[in-house]
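The values are calculated or read from the model by the stated rules, or taken from the named source; none is laboratory data. No experiment lies behind these values; they were computed from the predicted model shown. Here the Cβ positions follow ideal geometry from the backbone for every residue, glycine too, while neighbour counts run over all protein chains shown. Just so you know, the surface numbers come from the protein's heavy atoms only, side chains and all, with ligands and any DNA or RNA stripped out. Shrake-Rupley method; radii C 1.70, N 1.55, O 1.52, S 1.80 Å.
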Amino acid sequence: MPSVQDAVVLDYGAVRLPDEPAERAEFLQRRGSDFDVAVTSGKVGVGPELMRALPALRAVVNFGVGYDATDISQARERGIAVSNTPEVLNDCVADTALALYLDVLRRISAADRYVRAGQWATAGNFPLATKASGKRVGILGLGRIGRVIARRLEGFDCTISYHNRRPVAEVPYEYCTSRVDLALQSDVLIIAAAGGPDSVKLVGPEVIEALGPSGYLINVARGSVVDEEALVAALLTGQLAGAGLDVFDDEPKVPHDLLALDNVVLLPHLGSGTHETRAAMAELTLANLKQYVTTGNLVTPVC
Ligand code: 8YV
């Protein structure tokens, strides 16, 4: 985010890591030991190789709630502190999940395309869609964002159940002990689980099959949580009714086969992308940096 980049350069004398691979390698060779703090974003992170090239690193300040692009196990081993930006983006990511939910079931984007293509006048009424209110919705990952999604769905009279590693205390939703059970009893499965090594392909062929040909999948978490190949295959063969995706396995690449499907809504990872939320994330990122530099502690540490 430009305001964060300007602030870290002006207030802390930060240096931007070159993007070009050869230039970056040369830069790290020459200056890698000069840096004790890295400021990064959830999408970029400080991966294993970059972290190794920064031997003096003491802290990673991450713009974003997700920090799966950062090598957390190396950070733990080396005692490198890592922060993220929790809570401030809950509303916007949940709103995005609901936008995808309504769009996919009611076929809003597809209908918009229909009108723009002049088909209303030539082909008549748009085909009927699926009712969005009152559905059985499963939430995979009832964390901070998952709970806000659930609260919004209550307003749509949905029956909500969820799966987590452990049941969440004091929530009025049914806990399912397995992902497959959750999918079996859901019309719509919404993924809000954190990315990272523990959640890779949590939604695989067996979960997709359990959701079934009249089931819908919404993902606002990370592409890595879904077996993308299995998802695309299910959508192509009608084993799933539709999907709403804000995240993908290899962003910004989107599986080509999805582009031709009218029952899929594709977003360019914009869950937290509003002026208000990005400003709040920027503020929390800079607060973490300031506190780390002045006291050695982070405001919102993850490790
Ligand atoms: C941002 C996100 O797109 O916070 C996250 O984990 O995925 C999004 O809010 C991203 O982190 C900003 O680069």
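Among the residues of the range 197-229, those that are open to solvent by 10 Å² or more (accessible area, probe 1.4 Å), part of a loop (DSSP other than H, G, I, E, B) and closer than 13 Å to Gln239 by Cα comprise Pro213, Ser214.
Would the range 3-24 turn up any residue that is open to solvent by 40 Å² or more (accessible area, probe 1.4 Å), within 16 Å of the ligand (Cβ to nearest atom) and of a type in the set (Asp, Glu)? The answer is yes, given that some residue of the range 3-24 is open to solvent by 40 Å² or more (accessible area, probe 1.4 Å), within 16 Å of the ligand (Cβ to nearest atom) and of a type in the set (Asp, Glu).
From the list Ala25, Ala59, Ala14, Ala53, the one residue that fits, being assigned by TED's automatic domain parsing to the domain that holds Thr285, within 26 Å of the chain's Cα centre (by Cα) and of a type in the set (A, V, I, L, M, F, W, C), is Ala59. Among the helices (runs of 4 or more DSSP H) confined to the range 102-196, the ones with at least 3 residues that are open to solvent by less than 10 Å² (accessible area, probe 1.4 Å) are located at 144-154. Count of the range 48-65 residues, restricted to those that are open to solvent by less than 20 Å² (accessible area, probe 1.4 Å), assigned to a loop (DSSP other than H, G, I, E, B) and within 16 Å of the ligand (Cβ to nearest atom), is 1. Note on the range 268-285: among residues that are in a loop (DSSP other than H, G, I, E, B) and surrounded by 19 or more Cβ atoms within 10 Å (Cβ to Cβ), the one that is farthest from the ligand (Cβ to nearest atom) is Gly271.
Between Ala75, Ala94, the distinction of being buried (at least 20 other Cβ atoms within 10 Å of the Cβ) and within 12 Å of Ile145 (Cβ to Cβ) belongs to Ala94 only.
In the range 80-102, the residues that are assigned by TED's automatic domain parsing to the domain that holds Pro48 and at negative phi form Cβ pairs under 6 Å with partners that are among the aliphatic types (A, V, I, L, M) and in a strand (DSSP E or B), at six or more places apart or across chains, as follows: Ala81/Ala59; Val82/Val60; Ser83/Val61. In the set (1) within 16 Å of the ligand (Cβ to nearest atom); (2) closer than 18 Å to Ile149 by Cβ; (3) small (Gly, Ala, Ser), the condition left unmet by Ala243 is number (1).
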